[in-house]
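Bear in mind that the values in this text are calculations on the coordinates, not laboratory data. Values in this document were obtained by computation on a predicted structure and should not be read as measured data. Positions of Cβ are backbone-derived with ideal geometry, glycine not excepted, and every protein chain shown enters the neighbour counts.
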C-alpha cells in the first residue's frame, strides 16, 4: 500500500495582529490510498491571499472562520497522485480548495477543476485566470461599470488583483492610475504594465500626488487596501463615481477598529456608489471571463508577475510579505 | 405705482458650526412692479431644509455656494401678487426657488410651478408631495431597491423625509424601524405613523436597541443623519443590503471633519451598496411620483406633520430647530 506523506499547517490559535509562527502547528501525516470515490492531489503551488487573514478570525463573514486545529484554508494547483474516482487520473492538473497542505484528499469532485497545462502556465490559475483575475474583471466591469475615457484609480496596483485591474482598464480605454509602495513598483506600473501614472504611497504628499495624477478626477476607484488611501481617493471622486471595494489589506491586521474614511461625506453631493463585492458571487459567469483573461495574458496585453516562495514550511514568513509589500504580483508557495 | 415691501435674509458671512443671527443681515427693500416678462410672488411658506446649511459653506457641491451678500437660497410656496408675463395671474399659487425673502421677483418663469390649492394643503408642496416626499420615494425605491418583506431602517424618522420613507416602506410591505430623538417622537412613529419599531437615539444602549428592533437584520438603511447612527446601522446590515445616503445632519455643523463609520469594513464581506443621491437627479421622473404621493397622503396612508414657525424674521432660531430636533415633520417659516 502506497501512502503519501502530507505536510500540513493547522490553525493553532486566532492571531492578534500580524500572523506569527506560533499561531500555527506544522505536522506531517501519512495519507492512505484513496477510498472509493476519493481523489488524492499532490499540491504544487498554494496561493497566499489577503482574504486568508480574515478567515483566521472568529468572526462571521462570507465564509465561516477556520476552526482551531483544522488545516488552514487555502487554494492551490496540483496534480492527481492517486484516484479512485471516475474522471480523474494520475497526472491530471487541477485547481483545488486544498488548504495549506501538500496532499489534498477529497470526495467532493466538484471542488476540483481540471486545467490544461498546455494552455498557460499552471500558476496562472492562481493569478490572472484564477481568483485574482476574475476579481479584477467583475469588480472593474460589473461593479465599477467602467466606460471608455474614464479615469480609474487602483490601490494595491502591483498586486495580483490590482495589476490586472489596471491593465484591463487600459484595454477598455481608460486612463489608469495605480498606487503602490516604493519607486520600483511604481516604475513597474508605468514602464512594464503601461499605467498612465503611478503614486508611491510610501512617499510624502500622497494626496497632492494623487490629485496631480488624476487631473480630471476619478470615475472608478477600485480599492484593495482601505484605510488612509481609501479616504484619499474618495476626495477626488467625480460625480456619479463608482467605488468597488475589493479589499482592505491595510486594516486586516488591526487589533482595534480603525476609523472609516472622513471623505465618505462626499458620497451624497457627488452621488457616489460604494459597493463591496466577493468574486464568488460571480461564479456562474467565470466562463465568460476566463477565456478573455487567458487570451489577453497569452497575447501579453496583460503582463503577469509572480512571487513564488519555495517550501510549504515557509508559510508564516511568506504570508507576512502580503502585508509588508515585499513581493510583486501574485504571491504563492511552491509546495 | 404700487410697490411691495420685500423683507430679506442675506448671507453676511460663512457660519462656523451652528448658524447664528450674526451670520445674516435682515433688511427690507421696496420692489417695483414687474417689468415686461417678470412675475412677483408673495411668499407664504418657506421651507427650512438641512441642505441649506451646506449651501452656506464656501465649498464646491452639487450647487454653488450662496454668495456673501446675496439672499439666502431657499424654496417656498407663494401667490402671484403682480404679473407682467403670460400664464401667471394675481392670486395664482406657485412653488418657487424664492430665497429667504417675502417677495420673489423672477423672469425665469420655468422656475415657477403652479399648484392647485384645492388638491391638497399648499404646504404639502414643501413636504410630502415636494422635495422631501420625492426624496423619500426615489431614495427608497430606486436607490434602495426595496422589496416586499425586507427590513428598512430609517434615521431622522420623524423628519420630513424620514417620516415619508417609513410610511412608503410600510405601503410596500416592509418591516419598518425608525430612529428618532426622544420618547414622544418614538411613540409618534409607532402609534401614529405605523412603524413596526422605533429606537430613541438619545437613550442609552442604541446599538442593542437597534439589534433588538431588527431581529432579521437590515436590508435597506435609509440614512439622513450620518455619524454614529450610520456606523451603528451598518453593523446590522444583511448580505447585499442597500444604504441610500440622503443626508448627514449630525455632521453639517461640524467644524472639524468627523471620522467615517468603522463599520464600513463590513461592506466587502456583506456586499453592501452604499450610495449617495440627490433628488434633483430624478427631476424627469417627478411626474411619476407626485400623483402617487398625493393620493397616499389624501387617503391618510401617508400621515403628514408640519411645524410652521410664524414670521420670516425668526429664521435663525427656527433653522436651529432642524439640528436640535425640536420640531416634528416638515419645518417651515410662515412668511
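With the simple spin-label model, which puts each label point 7 Å out from Cα in the Cβ direction, the residue B:148 to residue B:68 separation comes to 5.8 nm. For chain B, relative contact order (Cα pairs under 8 Å, six or more residues apart, normalised by length) works out to 17 percent. Taking 20 °C and 1.002 mPa s as the conditions, I'd like the Stokes-Einstein D for segment B:68-113 in µm²/s, using the Kirkwood hydrodynamic radius from alpha carbon pairs. Approximately 194 µm²/s, per Stokes-Einstein. The residues A:280, B:52, when put in order of fewest to most other Cβ atoms within 10 Å, stand as A:280, B:52.
Placing a pseudo-label 7 Å from each Cα along the Cα-to-Cβ vector at residue A:119 and residue B:285 gives an inter-label distance of 4.0 nm.
FRET efficiency for the pair residue B:184 and residue B:298, taken as 1/(1 + (r/R0)^6) with r the Cβ-Cβ distance and R0 = 25 Å, rounds to 0.40.
Volume per residue of the convex hull around the Cα atoms, evaluated for the protein assembly as shown, comes out as 170 Å³. Using just the helices of chain B, give the 222 nm mean residue ellipticity in deg cm²/dmol: DSSP H runs with n ≥ 4 each add -39,500 (n - 2.57), and the total is spread over all residues, rounded to 500. For chain B, the value works out to -5500 deg cm²/dmol.
Determine the distance separating the Cα centre of segment B:223-295 from the Cα centre of segment A:221-260; give it in Å without decimals. If we compute the Cα centre of each part, the gap is 18 Å. Across all directions, the average flat footprint of the convex hull enclosing the Cα atoms of chain B is 16.8 nm².
For segment A:128-169, list residues with backbone N below 14 Å from a point placed 7 Å from the Cα of residue A:321 toward its Cβ? Of the residues in segment A:128-169, A:159-160 have backbone N under 14 Å from the label point off residue A:321. Relative to the compact-globule scaling 2.2 N^0.38 Å, provide the ratio for the alpha-carbon radius of gyration of segment B:254-335. So the Cα radius of gyration is 1.58 times the expected 2.2 N^0.38 Å. Highest GNM mean-square fluctuation among A:60, A:310, A:117, for chain A modelled with Cα contacts below 10 Å: A:60.
Enter the mean number of other protein chain beta carbons within 10 Å of the beta carbon of each residue in B:255-264, as an integer.
Numbers: counts 0, 1, 4, 4, 7, 12, 4, 6, 2, 10.
Taking the mean over all residues of the peptide, I get 5.
Ranked for footprinting exposure by Cβ neighbours inside 10 Å, fewest first, A:332, A:72 give A:72, A:332. When B:263, B:163 are sorted by how many other C-beta atoms sit within 10 angstrom of their C-beta, beginning with the fewest, the order is B:263, B:163. The value obtained for segment B:144-238, namely the Cα convex hull volume divided by the number of residues, is 80 Å³ per residue.
Under Stokes-Einstein, with the Kirkwood radius over Cα pairs as Rh, the value for segment A:213-281 at 4 °C and 1.567 mPa s is 103 µm²/s. The base-10 log of I(q)/I(0) for segment A:35-92, evaluated at q = 0.21 Å⁻¹, reads -0.84 [Debye formula, identical scatterers on Cα atoms, solvent excluded]. Segment B:87-156 and segment A:155-175 have Cα centres spaced 44 Å apart.
Across segment A:303-335, the residues whose backbone nitrogen lies under 17 Å from the label position 7 Å along the beta-carbon direction of residue A:21 are A:310-321. When chain A is treated as a Gaussian network with alpha carbon springs shorter than 10 Å, the biggest mean-square fluctuation among A:151, A:304, A:25 belongs to A:25.
Average the reciprocal distances over every distinct pair of alpha-carbons in segment A:184-237, invert the result, and give the Kirkwood radius in Å. Please list the in-between numbers first.
Working: mean 1/r = 0.0852 Å⁻¹.
The Cα-based Kirkwood calculation yields 11.7 Å.
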